[in-house]
1. Regarding the range 69-76, can at least one residue be identified that is open to solvent by less than 10 Å² (accessible area, probe 1.4 Å) and at negative phi?
2. Give me the pairs, please: first residue somewhere in the range 85-102 and under 17 Å from Phe395 (Cβ atoms), second residue anywhere and in a helix (DSSP H, G or I) and among the polar types (S, T, N, Q), beta-carbon distance under 6 Å, and either six or more positions apart or on two chains.
3. Pick out the one residue from Arg176, Arg229 that is over 29 Å from Asp345 (Cβ atoms) and touching a strand residue (DSSP E or B) at 6+ places or on another chain (Cβ under 9 Å).
4. With the requirement that a residue be within 11 Å of the ligand (Cβ to nearest atom) and either β-branched (Val, Ile, Thr) or open to solvent by 10 Å² or more (accessible area, probe 1.4 Å) (or both), what does the range 369-412 give you?
5. Starting from residues that are more than 15 Å from Val355 (Cβ to Cβ) and within 16 Å of the ligand (Cβ to nearest atom), keep the ones in the range 213-236 and report whichever is surrounded by the most Cβ atoms within 10 Å (Cβ to Cβ).
6. Scan the range 259-274 and give yes if some residue there is open to solvent by 20 Å² or more (accessible area, probe 1.4 Å), outside the structural domain of Ile36 (by the TED database) and within 9 Å of the ligand (Cβ to nearest atom), otherwise no.
7. Conditions: (1) at pLDDT 95 or above; (2) more than 8 Å from the ligand (Cβ to nearest atom). Asn335 meets all but one. Number of the miss?
Amino acid sequence: MQKFSGFELFRRALGGHKSWQPQWRSPEPKAEYDVIIVGAGGHGLAAAYYLAKEHGITNVAVIERGWLGGGNTGRNTTIVRSNYLFDESAALYEHAVKLWEGLSADLNYNVMYSARGVLMLAHNHHDEISFKRHVHSNRLNGVDNEWLTAEQVKEFCPPLNITSMRYPIIGGALQRRGGTARHDAVAWGFARAADARGVDIIQNCEVKAIRRGPSGAVEGVETTKGFIRAKKIGVSAAGHTSVVMAMAGLRMPLESYPLQALVSEPVKPAFPTVVMSNTIHAYISQSDKGEMVIGAGTDAYTSYSQRGALHITTHTLDAICELVPQFRRLRMLRNWGGIVDVTPDRSPIIAKTPVPGLYVNCGWGTGGFKATPGSGNVFAHTIARDAPHPINAPFTLERFRDGFLIDEAAAAAVAH
Ligand SMILES: Cc1cc2nc3c(=O)[nH]c(=O)nc-3n(C[C@H](O)[C@H](O)[C@H](O)COP(=O)(O)OP(=O)(O)OC[C@H]3O[C@@H](n4cnc5c(N)ncnc54)[C@H](O)[C@@H]3O)c2cc1C
């Protein structure tokens, strides 16, 4: 695998940078693989990478109907944190944060993980009680999270307006190890590292059907490039999971919604951390390019429309201008949408399914980017061993039948 060291950059610069190899191959699909992953987002690519790296399964294809990283992985606002309330979620997201911390070195690719802190603002007594409960619960689970007073919030993030607004800031919960990572680099880093271990990434190839044999077990997928055989299929198709799983006859407990975001024109470093406010419905961070990255809540209706809309942008910017009044002068550059798949308890499903050989990783809703390495890691384990990793064992499909919900939605009413 080619290295990206300072020396290599210098050496190849002398040759006009003509000697770099492509980051990954563009192979035609083989007739058969040991494992097919549907969806080349960060989760699918990470699963393929860990299948090869940790389980020695390299005869793997990742099938993508568009271009890799073109789904939610390339559309999200890149917030990474693990300060979830329930033990099951804290274990899952903390597994991911620990992998984020060493990911650039592991992939030999700079994913630009920036632990600049994630600050969740409290605007009322209910927020304060809820966040303090999170802080205590997180500490019991070994996850860093601390309560800041309003003055400490201002000190940590000086651009914030803490008083003259509809809902003054009365404090906040800060996870210092949280932050952001560069979304494209995450997809590209996993793609390159998986490809180097022999995984075939097949882009512009849509899965149209899942073929099942007489026993009910999967036999392979019908695609726009023909039939591809595999005894194991892992679906990581985010907003289109219901559509793909219906191809195998499974109805999923999912609803798909558009989720929107926008960025400003780039400016000099002006915002030092990630700030989230559930009460006034906005969150913001500054990318390394200088743009203010701003996110909204999900649209109020289900849809497969991957587009931004002005009324959502306006509502979100109202909130941002209250939080940071000087940003009123910023011009907005672009807005967009992604399709997120939401479960009834707002926690993901990473599990075997009733169909032999079919596995699913979905339901990440508005907050799956932060889990990318951890999710791929435990999904690979589940596929390779035909049994869940202890971390994803509670995240079953059956919990919606049996009632063992992991109800982060009720706990936090939180996005991302
Ligand atoms: C605007 C927005 C902001 C967000 N902000 C955050 C955030 O700040 N922090 C956070 O943690 N999360 C955030 N999220 C959520 C996060 O983006 C997702 O949970 C995560 O990226 C999902 O990754 P994935 O790999 O599962 O999905 P994707 O990247 O969407 O990959 C799924 C892939 O499956 C492919 N596919 C679908 N159907 C088929 C088919 N039939 N055949 C072949 N391929 C198919 C798609 O083309 C797609 O590329 C946000 C999402 C959005 C939309």
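1. Taking every residue of the range 69-76 in turn, none turns out to be open to solvent by less than 10 Å² (accessible area, probe 1.4 Å) and at negative phi.
2. Sorted first by the residue in the range 85-102, then by its partner, the pairs are Leu85/Ser137.
3. Working: Arg176 fails: over 29 Å from Asp345 (Cβ atoms).
Checking each option against the conditions leaves just Arg229.
4. Correct list: Phe369, Thr372.
5. The initial filter retains those residues of the range 213-236 that are more than 15 Å from Val355 (Cβ to Cβ), namely 222-229, 236.
In the following step, the residues that additionally are within 16 Å of the ligand (Cβ to nearest atom) were identified as 222-228, 236.
On the way: Glu222: 15, Thr223: 20, Thr224: 11, Lys225: 13, Gly226: 11, Phe227: 15, Ile228: 23, Ser236: 30.
Going through the qualifying residues, I end up with Ser236.
6. yes
7. (1)
Let's see how each residue does on (1) surrounded by 18 or more Cβ atoms within 10 Å (Cβ to Cβ); (2) of a type outside the set (Asp, Glu):
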{"position": "Glu101", "(1), (2)": "no, no"}
{"position": "Tyr113", "(1), (2)": "yes, yes"}
{"position": "Val118", "(1), (2)": "yes, yes"}
{"position": "Ser137", "(1), (2)": "yes, yes"}
{"position": "Glu151", "(1), (2)": "no, no"}
{"position": "Cys157", "(1), (2)": "yes, yes"}
{"position": "Thr163", "(1), (2)": "no, yes"}
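The values are calculated or read from the model by the stated rules, or taken from the named source; none is laboratory data. Owing to the predicted nature of the structure, the values given are computational and were not obtained by experimental measurement. All Cβ positions, even for glycine, are placed from backbone atoms using ideal geometry, and neighbour counts span all protein chains on display. Side chains included, ligands, DNA and RNA excluded: accessible areas come from the protein's heavy atoms. Shrake-Rupley method; radii C 1.70, N 1.55, O 1.52, S 1.80 Å.
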